[in-house]
Amino acid sequence: MVNIAIVGAGVSGLSCAWYLERLLPNAHIDLIEASDRVGGVIQTHTESPFLAELGADNIATLAPDGLKLIEAMGIRNEFVSPNPKYRFAQVVQAGRVYPIPNGFSLMQPTQMAAILMSPILSLSGRLRILGEYFVKARNINEDESVESFAVRRLGRECFDRLVEPIVGGIFTARSETLSMQATMAQFVEMEKNHGGLIRAAFAKRKSEQRSDTMARKATGARYDQFMAPKLGMSWWMNTIRAQLKSQLHLNTRVDNLAYTQNGKLKIATANTALSDKEYDHVCVATPGWVASKLIDGVNSDASALLDRIPYVSSAVAILAIRKSEIRPESMCFGIVIPKVENRDTLAISLSSEKYAERCPADTVLARVFMGGAVRPELMDQSDETLLAIAIKESQSLLGVTSPPMWQRLIRWNCAMPQYLIGHCDAVQDIRKDLESTKNLSIIGNAFDGVGIPQCIRLARTTAEKIANSFALSVLLLACLARSLYFSG
Ligand SMILES: Cc1cc2nc3c(=O)[nH]c(=O)nc-3n(C[C@H](O)[C@H](O)[C@H](O)COP(=O)(O)OP(=O)(O)OC[C@H]3O[C@@H](n4cnc5c(N)ncnc54)[C@H](O)[C@@H]3O)c2cc1C
């Protein structure tokens with residue numbers, strides 16, 4: 001019998017347990033969670049007639065690991081695609097909202113005519129974007145910031161007005177310190193392989209020999225590449241939990257880890273049944289800064305490196321608004337707000353327009369994002385002040401006149417890692433340091449991506465490594481027994 005502990009029951013811990021159970025059916029797994037529920041920053045609040053996502057509200061399907069897990073769980077039919085009606089995003093310009101030009105996806109212009117017609121940028125700003133075609137590729141391999149890459153290739157105006165709000169919003173980060181290699185590696189590759197973003201778009205179109213209409217119509221994020229559970233993200237997390245045999249221990253905080261004399265691991269927690277146990281393997285699936293504290297006693301170097309990955313806090317206000325009050329031109333999936341606009345909010349997502357049946361047909365559920373690395377000082381404000389800011393923004397940007405019919409505020413404290421320039425090297429250093437630490441793995445959003453599919457991928461590959469390590473031990477033991485038998 002192999003004893004394994006997984007610390008943290010967010011999507012990383014849950015999916016690691018799910019895969020481990022299938023790879024090591026005889027293992028005993030304790031899934032240990034500090035809070036009173038599973039899901040971590042994935043949390044759906046259901047209060048009839050509203051279904052409100054307080055944290056993540058969907059997953060990308062292009063990075064396939066989320067979809068693969070869903071299919072393996074046999075629940076693909078419970079997921080839906082975004083509503084086609086308002087499948088586009090807008091950006092704020094001088095206090096008003098304008099559509100992001102067609103085909104401008106994250107930071108790649110793919111439709112030149114749409115860029116030329118866009119009222120968001122000055123004529124020189126638009127021509128500068130088209131001039132990206134002639135910008136020489138950088139020939140050094142060093143990481144750079146998203147700001148540096150975007151200004152270099154697309155110009156300052158395009159960065160300030162489009163790239164900063166779109167990319168900064170996704171990562172709740174400051175683009176001047178956000179690592180290109182860790183967050184937008186696909187565009188670094190485009191520059192390397194094709195000489196630039198527009199050249200890469202032309203090459204793709206040519207190779208496909210057909211126009212990819214979805215790609216050309218998408219703005220901001222590629223909404224055709226997302227999906228969400230009909231019944232909300234917590235339903236998915238609870239379904240993973242329901243499919244597990246692992247023993248789940250809620251309301252159980254782990255304080256640190258220590259080795260026993262025989263190289264097994266013990267966990268310090270108030271639950272003595274668990275703290276008395278010796279584990280063959282412990283997988284830490286918490287935010288990086290928590291993992292850093294937990295492993296301090298077993299690998300202080302890796303702990304110190306992990307602690308250098310900063311996490312920021314944010315708040316989401318959810319407002320139920322009368323649909324009839326929203327200006328028709330403001331209806332879309334989401335509005336991103338450039339830092340240069342000097343407003344108190346980062347973005348507004350009209351979540352009920354993205355996915356059906358989240359509220360009554362005459363109502364819209366808007367999610368207003370605040371804080372992050374761009375406006376950390378706002379997190380010192382009271383809930384009432386943050387809700388008042390969100391309501392004011394809904395009046396100004398959506399045209400709403402009445403107070404919301406329902407409202408709720410959630411804070412996500414130190415939940416979002418910041419992948420600073422050099423993040424990939426830092427992660428490599430942490431992994432190298434951890435190589436010498438036996439029977440311990442660390443997963444979660446501090447490493448290879450903040451998105452749910454990336455967290456699931458790391459959880460799956462780690463589960464495979466853990467299972468392989470036990471398979472190898474069993475093989476070695478069998479060989480040893482065989483040689484003892486023959487020599488004896
Ligand atoms: C507001 C917001 C919106 C987002 N939207 C999206 C989105 O739409 N799509 C997307 O793909 N990604 C999104 N993300 C990112 C994504 O949701 C997260 O990166 C991912 O869910 C992290 O999962 P995790 O399991 O690694 O960590 P967490 O969800 O942080 O889970 C860690 C768990 O560990 C537990 N824990 C902590 N300390 C201890 C301890 N000492 N002992 C025991 N347990 C402990 C915590 O209680 C928690 O349950 C969003 C993130 C935020 C904050």
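Quick note: the coordinates plus some simple rules give every number you see, no bench work behind them. This one's a predicted model, so the numbers in the text were calculated from it and none came from an experiment. Cβ sites come from the backbone with ideal geometry, for glycine too, and all protein chains shown count toward neighbours.
At a glance:
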| item | result |
| --- | --- |
| Shape category assigned to the chain from the gyration tensor of Cα positions, a/c cut at 1.5 | prolate |
| Gyration tensor (alpha-carbon) shape descriptor, the range 252-306, a/c threshold 1.5 | oblate |
| Relative contact order computed over the chain (Cα-Cα under 8 Å; 6+ residues apart), in percent | 24 |
| For Cys414, residues with placed amide H under 5 Å, excluding near neighbours | Ser313, Ser314 |
| Ranked packing of 70-82, 246-258, most packed first, by mean Cβ within 10 Å | 246-258, 70-82 |
| Charge context of Met180, other residues only, Cβ under 14 angstrom, K/R +1, D/E -1 | -4 |
| Alpha-carbon centroids, the range 163-205 and the range 385-451: separation in whole Å | 20 |
| Estimated vicinal HN-Hα couplings, Hz - the range 284-297 in sequence order (Karplus 6.51, -1.76, 1.60; Gly, Pro = x) | 8, 10, 10, x, x, 5, 6, 4, 4, 5, 5, 9, 3, x |
| Lys, Arg +1 and Asp, Glu -1 on Cβ, resulting dipole of the chain about Cα centre, debye, nearest 20 | 1400 |
| Ranked packing of 143-150, 421-428, most packed first, by mean Cβ within 10 Å | 143-150, 421-428 |
| Rg followed by Dmax, in Å, when the range 101-216 is reduced to its Cα trace | 13.5, 38 |
| Calculated from backbone phi, Karplus (6.51, -1.76, 1.60) coupling profile of the range 185-201 in Hz, x at Gly/Pro | 4, 4, 7, 4, 5, 4, 5, 5, 8, 10, x, x, 6, 5, 4, 5, 5 |
| 3J(HN,Hα) from dihedral phi, the range 246-256, Karplus parametrisation 6.51/-1.76/1.60, rounded to Hz, x for glycine, proline | 3, 8, 8, 10, 7, 6, 10, 8, 8, 9, 6 |
| Likely footprinting exposure, Lys264, Lys206, fewest C-beta neighbours within 10 Å first | Lys206, Lys264 |
| Those lysines that a straight Cα-Cα span of less than 26 Å connects to Lys465, excepting residues fewer than 8 apart in one chain | Lys68, Lys245, Lys264, Lys266, Lys277, Lys293, Lys432, Lys438 |
| DSSP beta bridge pairing in the chain, given as percent antiparallel to the nearest 5 | 70 |
| Neighbourhood net charge (15 Å Cβ-Cβ; Lys/Arg +1, Asp/Glu -1) for Val151 | +1 |
| 5 angstrom amide H check on Ile6, placed H, neighbours 5+ away | Asp30, Leu31, Ile32, Cys283 |
| Dipole moment magnitude, nearest 20 debye, the range 101-216 about Cα centre, only Lys, Arg, Asp, Glu C-beta charged | 500 |
| For Asp307, net neighbour charge (Lys/Arg +1, Asp/Glu -1) across residues whose Cβ lies under 14 Å away | -2 |
| Within the chain, helix-based [θ] at 222 nm, where runs of 4 or more DSSP H residues each add -39,500 (n - 2.57), nearest 500 | -10500 deg cm²/dmol |
